Amino acid sequence: MTVVLGILLGLGLTLAASPWLWPAREERPRETGRLRDLLVQAGLARVTVPTFVVVSVLLGAVAAGLVAAIVPVVVLAVAAGLVGAALPTVLVVARARSARRTTRIVWPDVVDHLVSAVRSGLALPDSVVALAHTGPPATRAAFAEFEADYRATGDFPASIDRLKQRLADPVADRILETLRMSREVGGTELTGVLRALASYLRADAAVRSEVEARQSWVVVAARLGVAAPWIVLLLLSTRPEAAAAYNSASGSVVVAIGLAISVVAYRIMLAVGRLPEERRWFE
């Protein structure tokens, strides 16, 4: 009986303190976050985050099995499994970055179309809908979905939120939030604000393109510098005496340290040669 009373007392104290221990958090939309944005930007919006994680794990297991079958070195098989598991993320990040680089050029044109539509007397929702037909080809699909959504619901703010999720782009967030504020607050400075935003986006895209072109050699050097030693290591491991040496405790430690150094050096070189990406402040 004493044990039961002690358990009930502890449970009661835990429930009483729960508002401070576990404060209520605002519920976020399903599958939000950096990985989800990357999948959308890479054109893989239909792929869910759990599916992507499962595929990554399976690919890592396959890579580890193949290397273990070819090169009988346990630590190399583990390293291959880690690389195989990280490969889908690397490909998605590269594809998303390429898509952002492409859309960065067309966003000023999108703003110009919006300015023309607003100056012609169209309402803001109709101006956004018109981008599905007159906007740049790279963005028409997303605005076509916005058109269908808005025609079905008539709820402009909710349709804008869903359009932001489809685009998953920080520049699009700023444009759409400007339109939302103008519709909710009103004012006559919308065209001036949009023109200033278009000028800024063009200047930013020009500077980024020039810097990325000049620093592309850093990325190439990083990839060659990381890949070359591991190719040599794989070739050496095909020899029985080298495989036996790398399977020993000291050999495994050497390979593990080399893997850690390679990853850190690669990340540092990429950080040196890459411009900071804009964050989504209006998700």
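May I ask you to verify whether LEU259 is touching a residue at least 40 places away in the same chain (Cβ under 8 Å) and part of a helix (DSSP H, G or I)? When the stated conditions are applied, LEU259 passes them.
Summed over the range 236-252, the residues that are open to solvent by 80 Å² or more (accessible area, probe 1.4 Å) and under 15 Å from ALA79 (Cα atoms) give a count of 0. Of the numbered criteria (1) surrounded by 13 or more Cβ atoms within 10 Å (Cβ to Cβ); (2) at pLDDT 85 or above; (3) over 15 Å from VAL75 (Cα atoms), the one VAL219 fails is (2). There is no residue in the range 200-208 that is among the basic types (Lys, Arg), open to solvent by less than 70 Å² (accessible area, probe 1.4 Å), over 22 Å from VAL73 (Cβ atoms) and at pLDDT 85 or above.
Condition first: without any contact (Cβ under 8 Å) to a residue 12 or more places away in the chain and of a type in the set (A, V, I, L, M, F, W, C). Can you find one or more residues in the range 166-174 that meet it?
Step one: filter the range 166-174 for residues without any contact (Cβ under 8 Å) to a residue 12 or more places away in the chain, giving none.
So far as the range 166-174 goes, no, none of its residues is without any contact (Cβ under 8 Å) to a residue 12 or more places away in the chain and of a type in the set (A, V, I, L, M, F, W, C).
Being modelled with pLDDT of 85 or more and over 20 Å from the mean Cα position of the chain (by Cα) is the requirement here; does VAL118 meet it? When the stated conditions are applied, VAL118 passes them.
Going by the conditions given, is GLY192 on the phi > 0 side of the Ramachandran plot and exposed (fewer than 14 other Cβ atoms within 10 Å of the Cβ)?
Details: on the phi > 0 side of the Ramachandran plot: no; exposed (fewer than 14 other Cβ atoms within 10 Å of the Cβ): yes.
No: the conditions fail for GLY192.
The single residue among SER116, SER159 that is open to solvent by 40 Å² or more (accessible area, probe 1.4 Å) and assigned to a helix (DSSP H, G or I) turns out to be SER116. Would a scan of the range 172-189 turn up a residue that is surrounded by fewer than 16 Cβ atoms within 10 Å (Cβ to Cβ), more than 24 Å from ALA158 (Cβ to Cβ) and touching a Lys or Arg at 6+ places or on another chain (Cβ under 9 Å)? No: zero hits.
Return the residue satisfying two criteria in turn: it lies in the range 121-156 and is among the charged types (D, E, K, R) and over 24 Å from THR48 (Cβ atoms), and of such residues it is surrounded by the fewest Cβ atoms within 10 Å (Cβ to Cβ). Filtering the range 121-156 for residues that are among the charged types (D, E, K, R) and over 24 Å from THR48 (Cβ atoms), the one surrounded by the fewest Cβ atoms within 10 Å (Cβ to Cβ) comes out as ARG151.
Yes/no per residue for (1) open to solvent by less than 70 Å² (accessible area, probe 1.4 Å); (2) modelled with pLDDT of 85 or more:
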{"position": "GLU27", "(1), (2)": "no, no"}
{"position": "ALA61", "(1), (2)": "yes, yes"}
{"position": "VAL78", "(1), (2)": "no, yes"}
{"position": "LEU87", "(1), (2)": "no, yes"}
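The values are calculated or read from the model by the stated rules, or taken from the named source; none is laboratory data. None of these values were measured; they are calculated from a predicted model. Virtual Cβ from ideal backbone geometry, glycine too; neighbours counted across all protein chains shown. To get the accessible areas, we keep the full protein, side chains included, count just its heavy atoms, and leave off ligands, DNA and RNA. Shrake-Rupley method; radii C 1.70, N 1.55, O 1.52, S 1.80 Å.
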